[in-house]
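A quick write-up on the structure given underneath.
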Amino acid sequence: MHHEYIPANFLPDTKAVSPSYKMSHFHTHNRWELLYLVSGNCTLYIEKNMYMLKKGSLALIPFGVEHMTTYMSGEENIRSLLYFDDEELLWFNEHGITDISDILGGNFVVQIPARKQSYIKEQLDKISYEFHGVDNISPAYATAYFHELLLYALRCQTYKDNVVSRMDLSNETIQRIVEYILANYKDNITLSGTAEMFNMSESSLSKKFKAFTGHRFREYLVDVRTHAAAELLRQSELSMTEIACECGFSDSNTFGDTFKRVFKQSPSSYRKAL
């Protein structure tokens with residue numbers, strides 16, 4: 001629980017996320033959300049745009065804006081979130097950064113340089129420490145650390161090499177295909193069948209899917225199935241054959257070979273190591 005010195009709306013949250021965690025739908029907050037990926041990879045959807053995030057990616061999501069995240073990296077994902085109110089940005093306006101709302105309102109996603117990633121994590125840790133209320137100057141410290149963190153992110157944003165490009169999903173087709181895969185991966189999904197379902201040619205779907213997601217269609221489908229299987233290995237006592245069936249693999253041998261290729265160990269070894 002936070003200390004009385006720190007307002008509840010200035011809320012930090014750091015935790016590990018399952019390698020196969022995927023949100024089922026878009027959601028919004030009544031506060032700003034700062035997302036920093038400490039390790040792993042994830043796909044961030046902000047309204048009709050999609051971003052491929054990796055270690056060191058930092059995103060700022062305005063309040064009231066629909067978004068969701070999907071983690072399919074096959075490795076440990078650690079993300080830090082910080083929620084804050086619009087009033088926290090007034091300081092920037094008072095110090096000459098008068099276009100702060102315009103800057104942050106444009107789906108602000110940057111890649112923090114490797115040499116500075118530990119610095120960002122340290123700032124978030126300091127905010128978390130002060131959040132628990134060391135003394136009556138904790139609010140000032142927490143706010144100062146937040147300002148310093150955001151100023152550095154703004155500086156990164158001025159250099160094009162640090163800006164994470166958005167993948168335009170304005171026609172919503174690829175987004176709907178991704179959602180279709182996430183909801184139906186246990187079924188017999190094929191490129192040809194999906195192309196027909198969404199009124200596209202196979203070549204057009206393949207090209208657009210790769211451009212928008214960074215993955216080939218089949219590669220993405222197998223990745224989703226494999227990480228769903230990993231979740232069942234962790235959370236259930238189903239047999240390998242049952243897991244293979246639940247996750248859309250043709251048989252347990254195909255499942256075993258695919259899983260080993262992705263996770264560098266067999267499903268049984270993965271389960272024993274838990």
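We did not get these values from a lab; they are worked out from the coordinates using the rules stated. Everything numeric in this text was worked out from a predicted model, so none of it was measured. Cβ placement follows ideal geometry from the backbone for every residue including glycine, while neighbour counts extend to all protein chains displayed.
Quick notes on this structure:
- With 0.36 nm allotted per residue and the present C-alpha distance subtracted, the E94-S266 stretch has 56.2 nm of extension available.
- Peptide packing: for 124-134, 177-187, the average count of neighbouring Cβ atoms within 10 Å per residue gives the ranking 124-134, 177-187, highest mean first.
- Between T241 and S206, the contour length at 0.36 nm per residue exceeds the Cα-Cα span by 9.6 nm.
- For the range 263-274, backbone phi angles converted through the Karplus equation (6.51, -1.76, 1.60; θ = phi - 60°) give residue-by-residue couplings of 9, 6, 7, 6, x, 5, 5, 4, 5, 5, 6, 5 Hz, Gly and Pro being listed as x.
- Packing rank of 43-56, 79-92, where each peptide gets the mean count of other beta carbons within 10 Å, highest leading: 43-56, 79-92
- Listed cross-link partners K15/K55; K15/K126; K54/K116; K186/K210 are compared with a 18 Å cut-off, the Cα-Cα value being larger for K186/K210.
- For the range 190-200, the Karplus equation 6.51 cos²θ - 1.76 cosθ + 1.60, evaluated at θ = phi - 60°, returns couplings of 10, 4, 5, x, 5, 4, 5, 4, 9, 6, 10 Hz by residue, with Gly and Pro reported as x.
- Across the range 29-38, computed HN-Hα scalar couplings (Karplus, 6.51 cos²θ - 1.76 cosθ + 1.60, θ = phi - 60°) run 10, 8, 9, 5, 10, 9, 10, 10, 8, 6 Hz from first to last residue, x flagging Gly and Pro.
- Cα gyration tensor shape of the range 124-274, rounded if a/c is under 1.5, else prolate or oblate by comparing a/b with b/c: oblate
- A simple charge model with +1 on the Cβ of Lys and Arg, -1 on the Cβ of Asp and Glu and nothing else charged puts the dipole of the range 210-274 at about 340 debye relative to its Cα centre.
- Summed side-chain charge close to D257 - residues other than D257 whose Cβ falls under 14 Å, Lys, Arg +1, Asp, Glu -1: +3
- Qualifying aspartates and glutamates (Cα of each under 16 Å from Cα of K48; at least 8 residues distant if same chain): E66, D168, E172, E179
- Stretch gain in nm, segment R216-S118, where the contour uses 0.36 nm per residue and the Cα spacing is subtracted: 32.0 nm
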